[in-house]
Amino acid sequence: MSTTVPRPDGRPRCRWCAAAPELFAYHDHEWGFPVTDDIRLFEKLCLESFQSGLSWRTILAKRENFRAAFDGFDFRKMALFDEADVARLLADSGIVRHRGKIEAVTNNARRACELAEAQGSLSAFFWRFEANNGDTLPQSRSTTPASERLSKEPRKRGWKFVGPTTVYAFMQAMGLVNDHAEGCVARSEVERARKVLAREYERTLY
């Protein structure tokens, strides 16, 4: 079976985005494009935690509700959440009401504050784990050595719900690895964006 699917414009995309109309826009404009903004990085890691056991389509449909409920995923604000906030979130039908996941991401907000202070930013920490596909076909695995290494580091610092599968999905989405299918129109676009980011990073070293 082909790993890509054609769209009306005649250009192929990763087959997974054909599962629902809204996934095409997410695929074309977000998935895999490199992100260095700390808030967006933290948001995605939180949403991947909520996705565990569910589909990304479910989470994507609720993303604006999640943003409203979690103060835009500003981890410095979320670090102040208390039991009253947990109760509020458990009563919010617009999000996934799972106590363990809610408590995990509020805990992770406090850990994110500590990590950003220690590393300079969340971006500086996460992008140390940027990876390449090597000889493995894109989208042929759910974990990698890089995701296993990245998963271990936050867990050592007290983060929760950041196993290697969750972390690899985060890496795919945030551009830490280019996992678009061979032949997908976005693959070359993502690779160019990753190279631009690498050049910008190199300039900061001199």
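The values are calculated or read from the model by the stated rules, or taken from the named source; none is laboratory data. The model shown is predicted, which means the values in this text are computed figures rather than measured ones. Methodologically, a virtual Cβ is constructed for each residue, glycine included, from the backbone with ideal geometry; neighbour enumeration extends over all protein chains shown.
Of everything in the stretch 55-73 that's over 15 Å from the mean Cα position of the chain (by Cα) and not in a helix (DSSP H, G or I), which residue is surrounded by the most Cβ atoms within 10 Å (Cβ to Cβ)? Going through the qualifying residues, I end up with PHE70. Scanning the stretch 176-185 for residues that are surrounded by 23 or more Cβ atoms within 10 Å (Cβ to Cβ) and either over 11 Å from PRO138 (Cα atoms) or among the aromatic types (Phe, Trp, Tyr) (or both) yields a single hit, LEU176. Residues of the stretch 102-157 that are among the polar types (S, T, N, Q) and assigned to a helix (DSSP H, G or I): THR106, ASN107, ASN108, GLN119, SER123, SER147, SER151. Consider the stretch 1-41 and keep the residues that are acidic (Asp, Glu) and exposed (fewer than 15 other Cβ atoms within 10 Å of the Cβ). The one that is nearest to the chain's Cα centre (by Cα) is ASP37.
With respect to SER142, is the statement that it is among the hydroxyl-bearing types (Ser, Thr, Tyr) and more than 19 Å from ALA169 (Cβ to Cβ) true? Write out each step before concluding.
Details: among the hydroxyl-bearing types (Ser, Thr, Tyr): yes; more than 19 Å from ALA169 (Cβ to Cβ): no.
The answer is no for SER142.
Taking each residue of the stretch 102-120 that is touching a residue at least 40 places away in the same chain (Cβ under 8 Å) and looking for partners that are part of a helix (DSSP H, G or I) and of a type in the set (D, E, K, R) with beta-carbon atoms closer than 7 Å, six or more apart or interchain, yields ALA116/ASP38. Is there a residue being over 29 Å from VAL196 (Cβ atoms), out of contact with any Ser or Thr (no Cβ under 9 Å at 6 or more places or on another chain) and buried (at least 19 other Cβ atoms within 10 Å of the Cβ) anywhere in the stretch 123-145? Looking for residues that are over 29 Å from VAL196 (Cβ atoms), out of contact with any Ser or Thr (no Cβ under 9 Å at 6 or more places or on another chain) and buried (at least 19 other Cβ atoms within 10 Å of the Cβ), one finds none in the stretch 123-145, hence no. Taking only the stretch 74-103 into account, find how many residues are crowded, with 20+ Cβ neighbours inside 10 Å and either among the hydrophobic types (A, V, I, L, M, F, W, C) or more than 22 Å from ASP38 (Cβ to Cβ) (or both). Number of matching residues: 7.
Residues checked against (1) without any contact (Cβ under 8 Å) to a residue 12 or more places away in the chain; (2) in contact with a Cys (Cβ under 8 Å, 6 or more places away or on another chain):
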position	(1), (2)
LEU122	no, no
GLN139	no, yes
PRO154	no, no
LYS160	no, no
MET171	no, no
LEU176	no, no
CYS184	no, yes
VAL196	yes, no
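No other residue among ALA173, ALA118 is modelled with pLDDT of 95 or more, surrounded by fewer than 15 Cβ atoms within 10 Å (Cβ to Cβ) and of a type in the set (A, V, I, L, M, F, W, C) apart from ALA118.
Would you check if LEU47 is buried (at least 18 other Cβ atoms within 10 Å of the Cβ), closer than 25 Å to GLU114 by Cα and within 18 Å of the chain's Cα centre (by Cα)?
Details: buried (at least 18 other Cβ atoms within 10 Å of the Cβ): yes; closer than 25 Å to GLU114 by Cα: yes; within 18 Å of the chain's Cα centre (by Cα): yes.
Yes, satisfied.
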